[in-house]
Amino acid sequence: MNKNLEALISNRREMLKWLGLTAAGSIAVPMIGPLRVFGQQRKVNPLGTARNAIMVKLSGAQCPVDTWDFKETRYTPPDLQPRGINADLQLSETLYPKLVKSKVLERISFLRSMHARELVHFTGHYHLHTGRALNPGVAKEIPDFGTVIAAELDSQRRDSDTFPAYMSTNLVRTRTGIVGPGFFPAKFTGLDLDTSIVYNVFGGKGDADADLVRRWERLRRLSEVSSADAAALGDKANDYFAYYDYSYRILRDPRWAKLFQVSDEDKQRYGFDSPFGQCAILARNILKADAGCRFVFITNSTGGNGPFDHHAFIYDRTKPSNHYIECNRIDVGLTTLLEDLESTPGHAAGKTLLDETLVIAISEFGRMPYLNSAAGRDHYNKTYTAMLAGGGVKGGRILGKTNADCSECIDTGWAHKQQPVFDNLVATFYSALGIDWKKKVKNTPSGRDYEYIQSAPLGESAFIPTDPITELFV
Amino acid sequence: MLTFLLVIAISAAAQSQEPKPAADPFENAHEGLFQQKTDRAIEAGRTTAAFQPSGTVVQGNVPRRNFIDEQIFGRMERDKVPHAPLATDEEFIRRAYIDAAGIQPPPEKVREFLANKDPQKRDKLVDSLLGTQEFAEQWTWFWMDLLQSRVESFSFWLKTALKLDRPWNEVVSDIIAPAATKSQTTIPELGAYEMPLYNNLSAQTLTDKDNYRLMNRLDLIDESSINISRIFLGLNIECISCHNGAGHTDTVNLYLTEKRRSEFAAQAAFLGKWRWLGDGMLFFNVFADDEAKGYTTGNDAPYSTAAAARFPRDGRTHEPSFILTGEKPRPGENPRKALARILTSELQFSRATVNLIWARLMTVGFVEPYDGFDMNRLDPNKPLPNGWKVQPTNPWLLEALAKDFKEHNYSMNHLFKTIMQSSAYQLSTRFPAEWKDQYAPYYARRYVRVLSGPEVADMLAQATGRPYNFNNAGEPVQRVKQTSTPSPRGRAGGSDPLAVRAIMQAFAQSTRETPMVLANNASAVQAMLMMSSPAVTDRVQAKGGGAIAKLVESGKSNSEAIEELFLRTLSRFPKPDEAEVAERILNEKTSKLSYVTVGDRIQALEDLQWLLLNTPEFLLNH
């Protein structure tokens, strides 16, 4: 770092002390004392195959029967051009043209026996953000699962890391909004980037940067006299300011500005005109920067229930939004993201960034196997499909099986009789990242244990298995 | 079964343990009452200690103005707990404006107040703030957050109630038992049920009012009952909506542990005859009446009512019985009206309400969280099982305040006046001694509070003289709190609404789809947005025609401009050394840092306002 710049930012020792203070003490901690985290008696072996992870939320609920669990039924539009990928998998070339031709397809696996607890978007989105069904009784203290990942991976942070461990894009625009850190220390809060703002504000506008630097220097001068209320300034420096220092460090890290500089070629490849393309580029750039962020949560949402929510006219090309358009956007953004991760070297020798990054793409639930009276498909939660790739996932696997029209699951595809739910995918994230998913925290504000993966979500008289989908890794 | 092997402390290395209380006879004597770990109070105390380091403080006389002061200062005197002096006039006027009205005092009001020699001026200030439009907006926003509603008509209705100081028991009675036969937009009180309604639909497609297949009626009733109980009684009965308390809440809540799921069902049965029907898009044309059979969990045909979000119900029909007292509706009485009558007459309704208002005004409630009351632990004279302590930070004051609220016909204005005109409310954040965690429940100093999302947003617009242009039911409005939704829509283009929404969410504004959290946390995201969001950086620009533009045009001198900016942004005069630094900034032509290019005086003025907006003093209510 520029020597002069260091003069502005307190030296590292003081910085760490301030960050330590804010984590432990005054202004940030929603809990008193360290989190009491307990491991369970049964031993678990996290896979530890991934260094990073990306969660892709396909908001609005993509229809599985026409996309990732393709079945030809009497409701299938005639122009979907299904291509046989292997004995078990067909994909529509109309909906996913780039993916069916991409080499990265052999890195991808599908889990077709997913089921969801929810049938409406808000609770569905909430489940995807927090990894559990909504329980309003304790919702106030429940963190989004990215916070948990940030807390768990905190001990691996290097001195050079400035980015928060958990970053996301456009979550602020979803119905759930930013769930936040709940009862976890606020220092693990995810940083959400609103793509409609950040590219403009940070994307290579030299002036904005100069403004910030000049203002920061002036702010420091003023705060030196403002907070000098008493002789006891020394150690008891303004803890609040530590947040400012932390944030300023991020903003001034050269890797930060680079996140938002996008070549024309990349814009074209990712479909930059759609918010999802803008998010996918950020996910790639954030992980490539390797500046401390280890988990990125992106979505195609731009507000409301989500672009895939086609209760009417799902395949009507005259409508401004339909499944053709939305699937194509995911196709372009997600396929390119996977391809770029695959062609970027990872940390370990001989590994690619895709080898080291677990990517899971999923909606909040599925859509009906049949069309409704408005030529659309309504919500359906009994079966739907998740896509997994990278981070140790063996590509080309299809786990789970549904019947001829995707209305029933006939084979769960893993070790349990119960179909997996999103909680199991969160367990998969944790396991791949080397996190013990069986942990629980005891001293929560409500007194109720916070289990990393809940063993009994509301409504189910049987208990769901809390395992990750290890079957895809071995 | 032993379940722990490993304790991992997830925090930075410099973690300090909780301080062990010194051996103090007074502390020991009151061990049972005031040594309880009130987490939120301790946290608030530490936060404030960090923001406002202790120094030499002139104690001065703190008069006891009402029964609140008798309780607060009486306890402190008895237990030899030191307390802060009164806040200065500058501190007080800003705090009173923000708490009551969610805005800053305009500069001319600050000047006037500081120059005023009237010994009654603080009381008069409080009186002048209550019942105003801004007061109604600030507190309507609060209740809309709690009730998780974005319905515009409901927000108008609440604002009117607050402006008129309508007896709060009547307001809540109307919410519990709206005369519901028409749509949400014409019967505003139905807006309180926006979220339960949404969560219990199967889809949002077009339907007709005889199509019951899409509505999960009993779940809707359960969720509405839970909300009513949480918000108006402070009782979170969500837990017992699935299972008996025993075996589940034993370490959390003594009262709930005695309760059974059947008692939850009996409480929910007050809404048992309620049915909601759709016509058109469900949110805009809802019809509700009291024509269902009752809370019949076995066969609630023709509705789709298998428990979707909780364990299957017991198959019986439940009759209404009030959870706290067992009281039933009178013969022939509409059960919803019965609930409204019974609930609002209970003292617990008053306790829960005053607790909410106290928690906002004093940063730490008597009971935290607001819906976590344990009825078995409110009475300080009642012996408790081993390991349990009385729950409220000051159980006597909670009781007195609740009774006072009830005796004064549930007047919100009276409640606010009583609190804000007390010396307890008017203490400073400055503390004359080393702060200790055990002082926390005494309210021995003012606790700082991180501003809420809409407060930051509106104060930002106000300080920069650049109001918003949002759409509220077709009407253009300038403040976030004038709208009814945390996702305001803009009238003209631009990214303002999105940028404002991002700032608000960083300051813990919920989308209203989940229960409200009274958060009090700083975060790096807040800092990043305040430093670089266009909502801030655009607003401080001279070319925007706001406060900076006017300062430039006015031809004011440096010292006048500096004073104006401090008054506009921090509601106080600058201290001499602050004015000196600011003066230097306005005058400098170069920077001593080689990579910084300095512009002109206009740029310096813009920077100065940016600086002030990015100080903890702005972002905290102190």
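Just so it is clear, none of the values below were taken in a lab; they were calculated from the coordinates. Quantities reported herein were computed from a predicted structural model and do not represent experimental measurements. Neighbour counts run over all protein chains shown; Cβ positions are idealised from the backbone, glycine included.
To make sure I understand, if each residue's beta carbon is the centre and we count other beta carbons within 10 Å, what order do A:Y243, A:Y370 fall in, fewest to most?
A:Y370, A:Y243
Kirkwood's formula applied to the C-alpha pairs of the protein assembly as shown gives a hydrodynamic radius of 30.4 angstrom. Derived value for the stretch A:69-135: Kirkwood hydrodynamic radius 14.5 Å. Basis is the mean of 1/r over every pair of different alpha-carbon atoms. Over all Cα atoms in the stretch A:316-474, the spread is summed up by Rg and Dmax: 18.6, 56 Å. Sparsely packed loop sites in the stretch A:390-474 (the chymotrypsin sites (Phe, Trp or Tyr not before Pro) outside DSSP H, G, I, E and B with at most 16 other Cβ atoms within 10 Å) comprise A:F463.
Could you give the angle, 0 to 90 degrees to the nearest 10, between helix A:121-130's Cα long axis and the longest principal axis of the Cα atoms of chain A? Around 50 degrees separate the two axes. Summarising the strand pairing of the protein assembly as shown, around 65 percent of its internal DSSP beta bridges are antiparallel.
Using every pair of distinct Cα positions in the stretch B:72-206, the Kirkwood expression returns a hydrodynamic radius of 18.0 angstrom. Neighbouring Cβ atoms from other chains, within 10 Å of the Cβ of residues in B:525-538, number 6 on average. Roughly how far apart, in whole Å, are the Cα centres of the stretch A:379-454 and the stretch B:117-143? Using only Cα atoms, the two centres lie 52 Å from each other. Ordered by the count of other Cβ atoms within 10 Å of each Cβ, fewest first, B:D290, A:D144 give B:D290, A:D144. Could you work out how far the C-alpha centroid of the stretch B:441-498 sits from that of the stretch A:79-123, in angstrom? For the stretch B:441-498 versus the stretch A:79-123, the Cα centre distance is 43 Å. Here the residues B:C239, A:C63, ranked from fewest to most Cβ neighbours within 10 Å of their Cβ, fall in the order B:C239, A:C63.
Seen against the Cα atoms of chain B and their longest principal axis, helix B:496-506 is set at about 80 degrees.
Between the exposed loop cleavage positions of chain B, defined as chymotrypsin sites (Phe, Trp or Tyr not before Pro) in a non-H, G, I, E, B DSSP state with at most 15 neighbouring beta-carbon atoms within 10 angstrom, the longest gap is B:5-283. Under 27 Å Cα to Cα from B:K550, which lysines show up? Leave out anything in the same chain fewer than 8 places away. Filter leaves B:K109, B:K481, B:K575, B:K589. Averaging the Cα positions of each part gives two centres, and for the stretch B:515-594 and the stretch A:135-162 these lie 33 Å apart.
Could you pull out the trypsin sites (Lys or Arg not before Pro) across the stretch B:536-622 that fall in loop regions by DSSP (anything but H, G, I, E, B) with no more than 11 other Cβ atoms inside 10 Å?
Sites meeting the loop and neighbour criteria: B:K589, B:K592.
With q set to 0.10, 0.12 Å⁻¹, the log10 of I(q)/I(0) for chain B, from the Debye formula over equal scatterers at the Cα positions, is -0.99, -1.33. Scalar couplings 3J(HN,Hα) for the stretch A:58-71, obtained by applying the Karplus form with A = 6.51, B = -1.76, C = 1.60 to θ = phi - 60°, are 8, 6, x, 6, 6, 7, x, 5, 9, 10, 8, 10, 4, 9 Hz; x denotes Gly and Pro.
Among the trypsin sites (Lys or Arg not before Pro) in the stretch A:138-211, those placed in a DSSP loop whose Cβ has at most 12 other Cβ atoms within 10 Å are A:R158. Kindly provide log₁₀ I(q)/I(0) values, in the same order as q = 0.28 Å⁻¹, from the Debye equation applied to equal alpha-carbon scatterers of the stretch B:222-270. Relative scattering, expressed as log10 I(q)/I(0), comes to -1.05.
Projected onto their three principal axes, the Cα atoms of the stretch B:432-551 cover extents of 52, 39, 23 Å, largest first.
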